[in-house]
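Structure record follows, encoded as structure tokens.
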Amino acid sequence: MKPVLLGMNNPHSASPVHALYPTPIGATGHRIFEMLREAARRSNVKVTSIGYIEAFDRINLLNAVRWDPKEAKENVHNVLPLLKNRKVVVLGRKTAFAVGIKRAFNTHFFDHIDFKYCLIPHPSGLCREYNDPAVVRRIGDLLFDLYIESRNSNVSEDQE
């Protein structure tokens with residue numbers, strides 16, 4: 001199964017199709033895509049936006065242009081079944097809080113209910129942690145590892 005990128009909401013579109021989408025430039029999905037692409041470049045692999053879209057399931061807690069923590073908490077029961085037995089990259093503390101995660105940022109996976117997760121700082125452009133190139137690199141490497149894992153599992157499933 002594909003890894004999941006779990007975010008808050010998309011201020012540009014309420015459509016679930018656009019959750020963490022690689023456009024527009026500067027949006028959260030674009031920042032994630034760029035970190036992935038940079039990590040891929042270091043490994044001499046080209047990642048396209050279509051490759052990014054195909055490698056990850058991208059889910060927001062809210063399909064709304066405005067973030068509402070109360071609504072997000074209420075909607076978690078609709079999202080949790082989509083995460084079962086998956087690796088989930090949780091984007092930011094607000095998303096983590098809504099899902100019931102209280103850990104610090106970490107690129108290692110932990111067990112939570114029916115899925116494994118890691119928690120990264122929210123790549124919204126407002127988070128200062130991304131001013132540190134080591135953080136950007138570490139998260140890019142995490143995304144690239146998941147990308148390769150997803151591609152390899154899709155190849156295995158196609159061969160069966």
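The values are calculated or read from the model by the stated rules, or taken from the named source; none is laboratory data. Worth saying up front: this structure is predicted, and the values here are computed from it rather than measured. Because the Cβ atoms are built from the backbone with ideal geometry, glycine has one as well, and the counts that use them run over all protein chains shown. Quick note on the areas: whole protein, heavy atoms, side chains included, nothing else; ligands and nucleic acids left out. Shrake-Rupley method; radii C 1.70, N 1.55, O 1.52, S 1.80 Å.
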(request) Calculate the length of the line joining the C-alpha centroid of the stretch 85-103 to that of the stretch 20-44, in whole Å. (result) 20 Å
(request) Skip the ligands, DNA and RNA, and give the accessible area per residue of the chain with a 1.4 Å probe, whole Å². (result) 56 Å²
(message) Suppose we keep just the alpha-carbon trace of the chain; what are its Rg and Dmax in angstrom?
(response) 14.8, 45
(request) Measure off, as a whole percent, the carbon and sulfur share of the 1.4 Å-probe accessible area of the stretch 1-156, all protein chains present. (result) 53 percent
(message) Taking every DSSP beta bridge with both residues inside the chain, roughly what % is antiparallel (nearest 5)?
(response) 25 percent
(request) List the relative contact order of the stretch 6-139 as a percent without decimals, with contacts defined as Cα pairs under 8 Å and 6+ residues apart. (result) 27 percent
(message) Using a Cα-Cα cut-off of under 25 Å, which lysines could be cross-linked to Lys102, ignoring same-chain neighbours fewer than 8 residues away?
(response) Lys2, Lys70, Lys73, Lys84, Lys87, Lys94, Lys116
(request) Return the calculated 222 nm mean residue ellipticity for the chain, to the nearest 500 deg cm²/dmol, obtained by summing -39500 (n - 2.57) across DSSP H runs with n ≥ 4 and dividing by the residue count. (result) -14500 deg cm²/dmol
(message) Where in the chain is the longest stretch that carries no trypsin sites (Lys or Arg not before Pro) classed as loop by DSSP and with at most 13 other Cβ atoms within 10 Å?
(response) 103-160
(message) So if I restrict to the alpha-carbon atoms in the stretch 44-86, what is the Rg, and what is Dmax, the biggest pairwise distance, in Å?
(response) 14.2, 43
